[in-house]
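Okay, structure first, notes after.
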Amino acid sequence: MDTKKLRQKILDLAIHGKLVPQDPNDEPASVLLERIKKEKERLMKEGKIKKTKKSAKTSDTPPYENVPFEVPKGWCWTTIGECTINRDGERIPVSLAVRKKQKGKIYNYYGAAGIIDKVDAYIFNERLLLVGEDGANLLSRSKNNAFFADGKYWVNNHAHVLDCCSKEILDFVALVINSMDLSEYITGSAQPKLSQDNLHKIPFALPPLAEQRRIITAVESMFKVVNIIDTETTELTSRINQTKSKILELAIQGKLVPQDPNDEPAIELLKRIDTNFKSSDNRPYENLRQGWEIISINDAFDVKMGTSPEGESLNRNNVGMEFHQGKQCFTNMYLGKSDVYSTNPIKTANNNDILLCVRAPVGVVNLSNREVCIGRGLCALSPKPMVNTLFAYYVLQTYKKKFEDKATGTTFKAIGVDTIRQEMFPLPPYAEQKRIVAKIEELFAVLDNIEKSLEGKNL
């Protein structure tokens, strides 16, 4: 189940007045808004808050053109600036250098996306709504852009501070902001920014206060269920991955499928291909199965390290051969598509080669289903006749930690060709290799179907 989409659907229903039923006995939102307006005017006269720019008239119809949706009875359109009090003027940034020198740092220090440090004093001592003013999160929405701070705390100048004469409204305002795509109100590309003026301009449909309470209660209740689903889905996905790892572990130990005494032993096949072949004394696998042999990767594959193309041969014009260097496309069994091409390919991988990433990230493998040019981040392993390609692919998936542990380097970790060639490789009879592959694919298909069922249908 896609819980992110589910949360978004709940928020969409909430802000459109479709999550809880309306009650004709509720005080209309227009009355609430008029009360807020008078209270803000009083506070301005007393000098307790700054005068705000005159906003558009609020009524039961939107104060702007191109109405996005009709509001339920009792609701009214307003803007964030009209129904809240902005307290940005009270924010004070504290540099990192100053914070490092402070002692007795017990108060939360808030920035654009939440708590970023502790400080030794506080500005605010009440529950207020903070809204990120800048940063990538405004567009990515990986965290809530609107969040609450309570108790004693400090806020820097990267988060707007919103208050309200009726603080309960802040809960609904937070819900509105977190449900929105804010791109229309964001300026700047390198550093996205939600200015105070643009924040105040954001329009939304305001429900009666009593209905706001019902909406917030319903959203919190539903989100608790979604969080449980999220946790259980994450745990189940983790268990699926662990199960896949265990299946591969059993496969390379010869415990996944039964042995057949009629299978030609691997040593006979090896000797037929190379009459000078001798068994290795280096046998890291305990209780080696009958008919199996342990050989080096160098004996099992033709090993080819990638290299950087010479000169200015790389381009994005689809000219030449598709180029890969290991940083991209390692999420599926088969190598993904690259948008970089080389007009002077020096090292290439062939169809059915196994591509091993030798740096960043070390040890990840893919199958190549076409000829491609490979850079310094990749090694192409071409299985020799006694090695089934898919069997080799599944075995090499279990080598990631081995190669990571043997990687060296300071700027980035990498493994060299000698490390790869010398690594040992378990080789069953060829017929058993095929049975192992069939069993892995059978079991993985079941697990993949379970994983797909967790994703659910589009909401």
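The values are calculated or read from the model by the stated rules, or taken from the named source; none is laboratory data. Treat the numbers as computed from the prediction; the structure is a model and nothing was measured. Please note: Cβ atoms are built from the backbone with ideal geometry, for glycine as well, and neighbour counts cover all protein chains shown.
Things to note:
- Check on Q212, part of a helix (DSSP H, G or I), of a type outside the set (D, E) and buried (at least 17 other Cβ atoms within 10 Å of the Cβ): yes
- Residue, farthest from L447 (Cα to Cα), within segment 228-243, restricted to residues that are touching a residue at least 60 places away in the same chain (Cβ under 8 Å) and surrounded by fewer than 16 Cβ atoms within 10 Å (Cβ to Cβ): I229
- Flag if A392 is under 27 Å from F444 (Cα atoms), among the hydrophobic types (A, V, I, L, M, F, W, C) and in contact with a Pro (Cβ under 9 Å, 6 or more places away or on another chain): yes
- Figure legend. Inter-residue proximity from segment 363-384: first residues more than 22 Å from D418 (Cα to Cα), second residues among the β-branched types (V, I, T), beta-carbon distance below 7 Å, spacing 6+ or different chains. Indicated pairs: E371/T348; V372/T348.
- Condition check for E441: buried (at least 18 other Cβ atoms within 10 Å of the Cβ), in the same structural domain as V387 (by TED's automatic domain parsing) and either touching a Cys at 6+ places or on another chain (Cβ under 7 Å) or at negative phi (or both): no
- First in segment 307-319 and of a type in the set (A, V, I, L, M, F, W, C), second anywhere and surrounded by 15 or more Cβ atoms within 10 Å (Cβ to Cβ) and not in a loop (DSSP other than H, G, I, E, B), Cβ under 8 Å, 6 or more apart: L314/F323; L314/Y341; L314/S342; V319/Y341
- Residues that are buried (at least 17 other Cβ atoms within 10 Å of the Cβ) and hydrophobic (A, V, I, L, M, F, W, C), drawn from segment 414-438: A414, I415, I420, M424, F425, L427, I436, V437
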